[in-house]
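A.B. asks: Have a look at this one.
The values are calculated or read from the model by the stated rules, or taken from the named source; none is laboratory data. The model shown is predicted, which means the values in this text are computed figures rather than measured ones. Quick note on the areas: whole protein, heavy atoms, side chains included, nothing else; ligands and nucleic acids left out. Shrake-Rupley method; radii C 1.70, N 1.55, O 1.52, S 1.80 Å.
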Amino acid sequence: MAVDATLPYDDQNVFAKILRGEIPSRKVYEDEWALAFHDINPQAPLHILVIPKGAYVSWDDFSAKASDAEIGGFVRAVGAVAREAGVIEPGYRLLANVGPDSHQEVPHLHVHLFAGRPLGPMLVTR
């Protein structure tokens with residue numbers, strides 16, 4: 001079910017539970033600011049989710065409310081995940097869905113990192 005990204009943060013969402021260790025994940029990276037793990041329903045040969053450790057519903061929520069340190073730390077974590085995965089060359093795609101029109105499914109900011117094959121152009125249906 002798509003998420004209304006304007007609603008308050010729900011601390012019972014699946015990513016909050018993963019952060020608290022209540023649900024297992026296949027972790028690939030963790031630091032003070034972020035956690036990264038393999039997606040359970042991969043859409044590419046390599047599909048990693050990177051989530052901030054703070055309680056943010058969406059990119060909009062994060063960019064409006066997170067501290068400069070949280071924003072910088074999260075962006076650096078996304079880069080570190082890509083480097084550690086060895087996907088800088090030949091390349092990768094980042095995607096962050098916000099709200100129902102994008103089909104955001106979890107009310108916790110997350111960035112998808114896709115790699116492992118040529119991904120082709122982004123196509124938008126009109």
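A.B. asks: With springs connecting C-alpha atoms under 10 Å apart, model the chain as a Gaussian network and identify which of ARG20, ARG93, ARG76 has the largest mean-square fluctuation.
C.D. replies: In the Gaussian network model the winner is ARG20.
A.B. asks: What does the accessible area per residue of the chain come to in Å², with a 1.4 Å probe and no ligands, DNA or RNA counted?
C.D. replies: 60 Å²
A.B. asks: A follow-up question, please. May I ask for the distance between the Cα centers of segment 53-126 and segment 1-49, given as a whole number of Å?
C.D. replies: 11 Å
A.B. asks: Here is a follow-up. At a 1.4 Å probe, what is the % contribution of carbon and sulfur to the accessible area of the chain?
C.D. replies: 54 percent
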